[in-house]
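The values are calculated or read from the model by the stated rules, or taken from the named source; none is laboratory data. What you see is a predicted model; the values in this text were computed from it and never measured. Positions of Cβ are generated from backbone atoms using ideal geometry, with glycine treated the same way; all protein chains shown enter the neighbour counts.
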Amino acid sequence: MLDTVIQKATASEAEKDFMLRGVLSVVKKVVTAQQFDIWFSSLRVFSITDNSITFVAPNNFIREWLQGNYSDLFSGAVYKVLNSSREVIIVTEDEVFEQTPVPSFPDNSDKPDILAASVSDKYYSILPNKYYSFENFVVGPCNRLAHAAAVAVSELPGHAYNPLFIHGASGLGKTHLLHAINNVLVSRHAMKTLFMSCERFVSHYISTIRSNNWDSFRELYRNADALLIDDIQLFENSQGSREEFFHTFNTLYNARRQIVITSDCPPEFIASLEDRLVSRFKWGLLCGIDSATIETRIAIAEKKASLWGINLSHEIAAYLAENLPGNIRELEGAIARLNREEKTKKNSVTLDLAKKVVHELSGNKKAVSIEAVIEAVSRRFHVSVSQLQSKRRTRSLTLPRQIAMYLSRKMTNMSLTEIGGYIGGRDHSTVIHADEKITQILKKDKNLLLIVQRLESELQR
């Protein structure tokens with residue numbers, strides 16, 4: 001669909017701006033100021049055709065929320081501005097980036113300031129999102145150091161901690177802190193930032209190989225005031241991208257430009273990452289985010305609910321926190337569903353409704369097969385599947401086997417007996433012992449905890 005939109009779109013930037021201002025003025029009259037800041041302030045119009053108007057949302061979470069809760073409002077606002085009906089399409093920045101040709105300039109032309117041009121703002125860097133602010137970030141023992149470092153970087157970029165490397169499992173708040181830093185750098189310091197996922201950097205690198213427009217590529221990244229990269233562990237399968245990033249890193253670091261990086265593990269655990277990059281990532285501050293305690297999770301649930309205007313009792317917040325022990329995105333999803341039930345079905349938020357939502361979310365989780373768990377553990381610990389399923393009890397096999405049982409109990413729908421039977425014909429008590437053993441080890445061994453968290457992230461993708 002987006003390919004067709006790009007081909008047919010002929011509206012000028014002035015027309016898109018007029019359309020956006022008109023639609024947002026209608027929306028402002030209907031929603032609260034807080035709702036507008038969270039959901040609508042980062043939107044832009046990508047294209048206008050005879051049959052449709054395409055809006056771009058910063059990420060998939062906001063896109064799905066707008067489609068699920070404000071589709072009628074969008075359609076009505078478009079009709080008021082154009083006095084005619086159009087199909088309303090909402091896409092994400094990543095979708096636009098993947099479908100947009102890389103800009104190129106003739107060798108003999110005056111190249112524009114790429115960072116100042118709309119090209120980088122719209123197609124390369126993730127737009128500022130007020131929802132992910134420092135004020136909306138709940139601080140607890142699990143993330144206090146990372147939060148403090150992020151605040152320090154935003155207040156004194158290029159000097160406080162450079163680079164800042166934040167690691168932790170998926171859904172614990174790393175991307176939230178990246179957004180918060182970017183928001184401050186752009187709004188308070190008026191800096192030209194580049195904030196993107198590692199995947200987008202790699203995609204841009206690959207498209208530049210095709211276009212051979214290396215001058216524009218390097219000018220874009222090396223002239224930035226700050227570079228923020230999310231999920232840099234995805235570099236492990238792209239040697240050329242790592243090489244280019246290495247030189248970009250050196251240029252920015254030597255110019256005292258701020259660099260912020262997130263990953264699901266510390267740099268030394270990223271497969272295939274060269275020692276020279278590992279050492280550079282440790283030049284500044286390396287800090288981790290752990291899983292939130294139950295008290296922090298309750299506070300997060302209450303904070304998210306207040307942002308959506310939901311009156312959530314402490315009892316319901318505690319129930320959600322206790323029964324959705326995964327990452328914070330699961331809590332956000334539960335709050336979003338409660339809000340939809342309250343707004344569209346006029347249901348009051350009760351404990352019974354919370355139980356229903358938790359049940360639905362638990363039932364919709366992606367089922368992980370025990371085969372996938374065994375294979376993932378086999379790759380990580382360099383042992384064969386047959387060895388994991390054997391009766392051998394050497395130390396080199398016992399730990400990986402117990403981790404496989406621990407992850408199987410946590411992530412699959414299999415019973416204890418089924419797990420034990422699959423992993424070498426063992427009984428259910430062996431699986432219970434393995435689960436308890438690994439749980440105790442993870443409380444003391446941070447390195448093993450990081451390995452297990454990364455295995456979980458891989459299996460959840």
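Which ones in the range 291-309 are surrounded by fewer than 17 Cβ atoms within 10 Å (Cβ to Cβ) and either assigned to a strand (DSSP E or B) or among the acidic types (Asp, Glu) (or both)? Scanning the range 291-309 gives a single hit, 295. Quick one: would you say residue 249 is farther than 30 Å from residue 443 by Cα and in contact with a Pro (Cβ under 9 Å, 6 or more places away or on another chain)? Criteria met by residue 249.
Residue-wise test of (1) farther than 24 Å from residue 150 by Cβ; (2) surrounded by 19 or more Cβ atoms within 10 Å (Cβ to Cβ); (3) without any contact (Cβ under 8 Å) to a residue 12 or more places away in the chain; (4) among the aromatic types (Phe, Trp, Tyr).
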position: 176; (1), (2), (3), (4): no, yes, no, no
position: 201; (1), (2), (3), (4): no, yes, no, yes
position: 219; (1), (2), (3), (4): yes, no, no, no
position: 229; (1), (2), (3), (4): no, yes, no, no
position: 256; (1), (2), (3), (4): no, no, no, no
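Only residues that are touching a residue at least 12 places away in the same chain (Cβ under 8 Å) and surrounded by fewer than 22 Cβ atoms within 10 Å (Cβ to Cβ) were counted across the range 258-269, and they come to 4. Scanning the range 423-461 for residues that are assigned to a helix (DSSP H, G or I), loosely packed, with under 14 Cβ neighbours inside 10 Å and among the small types (Gly, Ala, Ser) yields a single hit, 429.
For the range 178-188, filtered to residues that are β-branched (Val, Ile, Thr) and surrounded by fewer than 24 Cβ atoms within 10 Å (Cβ to Cβ), the residue that is nearest to residue 457 (Cα to Cα) is 184.
If the requirement is being part of a helix (DSSP H, G or I), surrounded by 21 or more Cβ atoms within 10 Å (Cβ to Cβ), at negative phi and among the aromatic types (Phe, Trp, Tyr), which of these qualifies: 235, 246? It would help to see each step written out before you state the result.
On the way: 246 fails: surrounded by 21 or more Cβ atoms within 10 Å (Cβ to Cβ).
When all the criteria are applied, what remains is 235.
Restricting the range 310-339 to residues that are surrounded by fewer than 17 Cβ atoms within 10 Å (Cβ to Cβ), more than 15 Å from residue 173 (Cβ to Cβ) and among the charged types (D, E, K, R) leaves a set whose member that is farthest from the chain's Cα centre (by Cα) is 315. With the structure loaded, tell me whether residue 273 is assigned to a loop (DSSP other than H, G, I, E, B) and without any contact (Cβ under 8 Å) to a residue 60 or more places away in the chain or whether it fails that test. Spelling it out, residue 273 is indeed assigned to a loop (DSSP other than H, G, I, E, B) and without any contact (Cβ under 8 Å) to a residue 60 or more places away in the chain.
Inside the range 270-284, residues that are surrounded by fewer than 14 Cβ atoms within 10 Å (Cβ to Cβ) and in contact with a strand residue (DSSP E or B) (Cβ under 6 Å, 6 or more places away or on another chain) make up a count of 0.
Selection of the range 27-39 for residues being surrounded by 17 or more Cβ atoms within 10 Å (Cβ to Cβ) and modelled with pLDDT of 85 or more yields only 27.
Going residue by residue through the range 54-67, is there one that turns out to be more than 23 Å from residue 183 (Cα to Cα), under 29 Å from the mean Cα position of the chain (by Cα), exposed (fewer than 15 other Cβ atoms within 10 Å of the Cβ) and modelled with pLDDT of 80 or more?
Checked against the condition, which is being more than 23 Å from residue 183 (Cα to Cα), under 29 Å from the mean Cα position of the chain (by Cα), exposed (fewer than 15 other Cβ atoms within 10 Å of the Cβ) and modelled with pLDDT of 80 or more, the range 54-67 yields at least one hit.
The condition (being surrounded by fewer than 19 Cβ atoms within 10 Å (Cβ to Cβ), over 24 Å from residue 134 (Cβ atoms), in contact (Cβ under 8 Å) with a residue 60 or more places away in the chain and of a type outside the set (Ser, Thr, Tyr)) is satisfied by just one residue among 356, 343: 343.
Selection of helices (runs of 4 or more DSSP H) fully inside the range 107-226 by the criterion of at least 1 residues being modelled with pLDDT under 90 returns 118-123, 174-187, 198-211, 214-222. Of the residues making up the range 376-392, at least one is over 30 Å from residue 329 (Cβ atoms), touching a Lys or Arg at 6+ places or on another chain (Cβ under 7 Å) and either among the small types (Gly, Ala, Ser) or surrounded by 14 or more Cβ atoms within 10 Å (Cβ to Cβ) (or both).
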